[in-house]
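Trainee: Shown below is the structure under consideration.
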Amino acid sequence: MTVYIDPPTWPGHGRMWSHLVSDVSFEELHAFAASIGCPAKAFERDHYDVPEQRYADAVGAGAVEVGSKELLRRLTQAGLRRPKGRPAA
């Protein structure tokens with residue numbers, strides 16, 4: 001089980017955000033997100049948006065810290081990338 005998180009560098013709604021992804025499956029991602037209290041509405045296409053205040057919680061629960069480019073590379077290599085405009089598989 002490997003879930004990855006990038007640094008909280010994405011602005012939105014008055015705060016900074018991270019992205020949480022899996023390189024295995026969406027089931028793994030949903031289970032991990034639920035275990036750290038991420039609401040289902042935080043899921044967007046292929047990742048969870050995690051506010052900077054929850055970043056340490058995700059890392060403490062086992063999410064691996066990677067840069068944004070590495071996170072995207074792992075997500076794409078796993079075949080789980082769902083860019084805007086592409087329907088879910």
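The values are calculated or read from the model by the stated rules, or taken from the named source; none is laboratory data. Note that the structure is predicted; figures quoted are calculated from it, not measured. Cβ coordinates were reconstructed from backbone atoms using ideal geometry, including for glycine residues, and neighbour counts include every protein chain displayed. These accessible areas exclude ligands, DNA and RNA; they are computed on the full protein's heavy atoms, side chains included. Shrake-Rupley method; radii C 1.70, N 1.55, O 1.52, S 1.80 Å.
Trainee: Among the residues in segment 38-46, are any over 11 Å from TYR4 (Cα atoms), among the aliphatic types (A, V, I, L, M) and not in a loop (DSSP other than H, G, I, E, B)?
Mentor: There is at least one residue in segment 38-46 that is over 11 Å from TYR4 (Cα atoms), among the aliphatic types (A, V, I, L, M) and not in a loop (DSSP other than H, G, I, E, B).
Trainee: Now for a separate question. Could you list, in sequence order, the residues of segment 62-71 that are of a type in the set (Asp, Glu) and either loosely packed, with under 13 Cβ neighbours inside 10 Å or in a strand (DSSP E or B) (or both)?
Mentor: GLU65
Trainee: Select from segment 72-88 the residues that are assigned to a loop (DSSP other than H, G, I, E, B) and open to solvent by 80 Å² or more (accessible area, probe 1.4 Å) and write down the one among them that is nearest to HIS19 (Cα to Cα).
Mentor: That would be LYS84.
Trainee: May I pose another question? Go over the candidates VAL24, VAL59 one by one and state the one that is outside any strand (DSSP E or B) and open to solvent by less than 50 Å² (accessible area, probe 1.4 Å).
Mentor: VAL59
Trainee: So the check is Cβ under 7 Å with 6+ separation or different chains; which pairs have a first residue in segment 37-48 that's more than 15 Å from LEU71 (Cα to Cα) and a second one that's among the acidic types (Asp, Glu)?
Mentor: Hits for this filter: ALA42/ASP49.
Trainee: Still on this structure, please answer the following. Which ones in segment 27-56 are among the aliphatic types (A, V, I, L, M), crowded, with 18+ Cβ neighbours inside 10 Å and farther than 17 Å from ARG81 by Cβ?
Mentor: ALA33, ILE36, VAL50
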